[in-house]
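Okay, structure first, notes after.
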């Protein structure tokens, strides 16, 4: 049906749709991997905090409060860096989708304006 309407519009849709799907699939996989990394780092930070709280007498007796604090801060800093990457990836993905939609809407609107 679409080929009867316009060959150019059909070609544009056949090229554009898979491109958008491929980018969405790739960015979705990357987003999933990064989300897992953030969750792992957050779990590790929680584990360090729980372990330190449970063994606070031992930590104090060996005078390692600063060491435990540094270990906890390092994990939180890693989680923060990965969260920034996740946010940037999410923003880039949303930008790509918005630009693609705007471009295809303009293309389809101009097609119908010129062919009406």
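Values quoted throughout were computed directly from the atomic coordinates according to the rules given, and no laboratory measurement underlies them. What you see is a predicted model; the values in this text were computed from it and never measured. A quick note on method: Cβ atoms are made from the backbone with ideal geometry, for glycine too, and the neighbour counts reach across all protein chains shown.
Restricting attention to helices (runs of 4 or more DSSP H) lying wholly within region 2-116, give those where 1 or more residues are in contact (Cβ under 8 Å) with a residue 24 or more places away in the chain.
By residue number, 7-54, 65-114.
So which residues in region 20-32 are within 14 Å of residue 104 (Cβ to Cβ) and either surrounded by fewer than 12 Cβ atoms within 10 Å (Cβ to Cβ) or over 21 Å from the mean Cα position of the chain (by Cα) (or both)?
Answer for region 20-32, where residues must be within 14 Å of residue 104 (Cβ to Cβ) and either surrounded by fewer than 12 Cβ atoms within 10 Å (Cβ to Cβ) or over 21 Å from the mean Cα position of the chain (by Cα) (or both): just 21.
Across region 34-58, which residue is surrounded by the fewest Cβ atoms within 10 Å (Cβ to Cβ) among those that are more than 12 Å from residue 76 (Cβ to Cβ) and in contact with a helix residue (DSSP H, G or I) (Cβ under 8 Å, 6 or more places away or on another chain)?
The selected residue is 35.
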